[in-house]
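Enquirer: Quick one: the structure is below, questions incoming.
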Amino acid sequence: MVFNAHRRAALGYATVTAAIFLVVMACIGVAAHRPAVLSAQADAVELEFGHASSLQTLRLYVDHVREAQEELWIEHTTASWAAYAQARRWFSEHVTRIGSWNPTYAARATLLYDRYVSDTLGAFNGDGDVTPAVLTRDYAALEEYAYRQASLQYYRAYASQASYDSFRAHNDVERFGFLLIVGIVTIVLLGLSQFYRIRLQRVSEERIALLAHAALNDALTGLRNLRAFEEDLPKGAAVAQRFNHPISLVLLDVDHFKEANDQSGHAAGDEILKQIASLLRTLREADGAYRLGGDEFAVMLPGTAAAGAEVLARRLVSEPVRHGKSVVGLSAGIAQLRPGEALADWRERADIALYEAKRRGGRTAVLFEHIEAHARFVGADAVSRVRDLIEHKGVQTAFQPIWNREATKIVAYEALARPLREYSFVGPQEAFDAASRLGRIMDLDLLCMRSALSAVREHGVDLPIFLNVTPATLEHPLFAAATVGALLRDYGVKPSRVVIEITERTIRDLNTVVRSAEALHQLGIRVALDDAGAGSSGMALLSSLTFDFVKLDRSLLLEGHNPKARGILAGILAIAEAMGAVLIAEGIETEELLDFARNLHRIIGVQSQGVLALQGYLLGRPQIPTASSGIGAEEPLSA
């Protein structure tokens, strides 16, 4: 509606402007034409005066003829006759010239001339002399005609002068009226133009305000959007730090939103988001609620410390959100801004707390300070260092051997990426956490893969190579199995010699991970489940995807005496046996753990081949290959 009003105002403004232009051009045209009309009328009047002047000249010519006649009368000679004929010729020419102005006058002048010449010549030729009677008659006729014509032209001149004066007076009145009308029309048009200009400006301001509102507010929920959040967050932090007031940030994520969206449709998903927005509007007016995108929300709490923010967050996550048969909850991560802390670090701490809440199963709120002791926090400095690491390919690869159950033969190697020391990372996990925050975890994964394949080609390893790929890379929309296939061709490594390890610890989108793993399988690349039993996605992965290898997590082996852990181990062994997967026990660091792994199937009473391969510091530490030692140890450290 605002746009249509804007268009109408613009059209009206343009129309009025065009009308003003046309009126001005018409005025210019009329002003240019009127002088020509006035000039033509004035010329006509001057022509009438010219007739009168010419007739006065005719009177002079008549007098001249009369004098010639008198001379001819006194001296009847050839010279006198020639002078008289010349005078008559001048008279005739003048009569013809002034007669051209008036056809009626010309005809009468010609008739007079012919009669005059005929009579004069007749009298002259008849008796050889011009008689006084002839000359007197000739003179009288000329004088009478000149008098009558002069009188007529004087009358006409007088009438023309009166008409001309009347015309000029009427023209002055007409010109004044014309200018008055033009002025009134111009004022009206300028008023309309000003009206439309003001209206256009008002509509434009309304349109700009509407666009500004749309740019900073989410169209679906009506909450402030990500752009507004990124503008408001530094302002709120600056005010809090200036006046030494607390301020807390709560990041919210909808639990199982994708499943509800898939089951009930996008319309149901939109209704769920609207209900969450309505819940967030119940907060204080000073608090800011935002939809960051998808199913992610944020709440900025000025003047609220961490404890108060935790109470608020727990109230929010305790409210179930229902739509039809779909029921979802919220997970919340909380962090209070610390003195002098960078905004990116503040937001990162809240995000880590949110991730922990999701890891605990959702519908809970986690304060960062409660998990700070074991949380992996990545600062801005680490992000900068990992950016340089990726750009300058600052990684190397260590290889750890995987032995058969008897520890008599190396059956494979696992490639483990190591950042170069110059980048000051504590270990590879810190580098991957920083890359995740930078949004370049896939780039780091592919860099590590290239480093491992380069070492394999250089040292001529013929055994299977286990390569770690983070679930975030498999979930990335730009990831393609064909990219891995192209890398293998570049380094001359057969797909059947490569095993991609997928950890269950950090999987968020199980379906996407399964699709990516199946695409790798189709290329002939084998797939291993890493850290089986360490997270909540292991059983779901085992039931959704056929693995070639299953690597038992060390923590599960250490809890082997626990009935619950034994139940999990029994389930994993049974599934691995059913799908024909090779079971590998990793993290073997003691003789007791080695013995437990070798006899695992007997201890828990499962009909299975049990663990067929072993890996751990007890059997061999990761080594960076050299020209002398090759890619790894040939003998186990302990058997």
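The values are calculated or read from the model by the stated rules, or taken from the named source; none is laboratory data. What you see is a predicted model, and the numbers here were worked out from it, not measured in a lab. Cβ atoms come from the backbone with ideal geometry, glycine included; neighbour counts cover every protein chain shown. Side chains are part of the model used for accessible areas, which takes the heavy atoms of the whole protein and leaves out ligands, DNA and RNA. Shrake-Rupley method; radii C 1.70, N 1.55, O 1.52, S 1.80 Å.
Enquirer: Could you please put 178, 229 in sequence from largest to smallest accessible area, using a 1.4 Å probe?
Expert: I get 178, 229, largest accessible area first.
Enquirer: Just to be sure I understand the model, the point goes 7 Å from the Cα along the line to the Cβ. What's the resulting residue 578 to residue 230 distance in nm?
Expert: 4.8
Enquirer: Right, here's the next one. For segment 258-398, count the residues as N, evaluate 2.2 N^0.38 Å, and divide the Cα radius of gyration by that value, please.
Expert: With N residues counted in segment 258-398, Rg over 2.2 N^0.38 Å equals 1.23.
Enquirer: Can you list the lysines whose alpha carbon sits under 25 Å from that of residue 409, skipping same-chain ones fewer than 8 residues off?
Expert: Cα-Cα hits under 25 Å: 494, 551.
Enquirer: If you keep only loop residues by DSSP, which GluC sites (Glu not before Pro) in segment 246-334 have at most 10 other Cβ atoms within 10 Å of their Cβ?
Expert: Sites meeting the loop and neighbour criteria: 285.
Enquirer: Say R0 is 56 Å: what FRET efficiency, to the nearest 0.05, do residue 544 and residue 243 get from their beta-carbon distance?
Expert: 0.60
Enquirer: Computed FRET efficiency, Cβ-Cβ of residue 322 and residue 592, R0 60 Å: what is it to the nearest 0.05?
Expert: 0.70
Enquirer: I would also like to ask the following. Give a quick list of chymotrypsin sites (Phe, Trp or Tyr not before Pro) in segment 529-628 that DSSP marks as loop, anything other than H, G, I, E or B, with at most 14 other Cβ atoms within 10 Å. Walk me through the numbers before you get to the answer.
Expert: On the way: sites: 547, 549, 596, 617; in loops: 547, 617.
Here the chymotrypsin sites (Phe, Trp or Tyr not before Pro) that fit, given the DSSP loop and packing criteria, are 617.
Enquirer: Subtracting the Cα-Cα distance from 0.36 nm times the residue separation, let me have the gained length for residue 370 to residue 201 in nm, one decimal.
Expert: Taking 0.36 nm per residue and subtracting the Cα distance, the gain is 55.3 nm.
Enquirer: Let me ask something else about it. Relative to the present Cα-Cα distance, how much length would full extension add between residue 181 and residue 359 at 0.36 nm per residue of separation?
Expert: Numbers: separation 178, 0.36 × 178 = 64.08 nm, distance 8.35 nm.
Between residue 181 and residue 359, full extension yields an extra 55.7 nm.
Enquirer: Excluding ligands, DNA and RNA, what is the solvent-accessible area per residue of segment 404-491 at a probe of 1.4 Å, expressed in Å²?
Expert: Heavy-atom SASA per residue in segment 404-491 reads 46 Å².
Enquirer: Counting pairs of Cα atoms in segment 235-340, how many percent are more than 19 Å apart? Mind showing how you got there, number by number?
Expert: On the way: 2465 of 5565 pairs.
Of all Cα-Cα pairs in segment 235-340, 44 percent lie more than 19 Å apart.
Enquirer: Counting other Cβ atoms within 10 Å, keep those with at most 15, restrict to DSSP loop, and tell me which trypsin sites (Lys or Arg not before Pro) in segment 330-385 are left. Mind dumping the intermediate values first?
Expert: On the way: sites: 347, 349, 358, 359, 360, 363, 376, 385; in loops: 360, 363, 376.
Listed in order of number, the matching sites are 360, 376.
Enquirer: Label residue 450 and residue 305 with points 7 Å out from Cα along Cα→Cβ: what is the distance between them in nm?
Expert: 5.1
Enquirer: Provide the gained length on full extension for the span residue 426 to residue 459, in nm with one decimal, where the gain is 0.36 nm per separating residue minus the Cα-Cα distance.
Expert: Result for the pair: 9.1 nm of gain on full extension.
Enquirer: Which value results when the Cα radius of gyration for segment 259-315 is divided by 2.2 N^0.38 Å?
Expert: 1.31
Enquirer: Dividing the alpha-carbon radius of gyration of segment 361-419 by 2.2 N^0.38 Å (N being the number of residues), what value is obtained? Provide the component values of the computation, followed by the final result.
Expert: Working: Rg = 19.1 Å, N = 59, 2.2 N^0.38 = 10.4 Å.
Scaled against compact globular proteins, the figure is 1.85.
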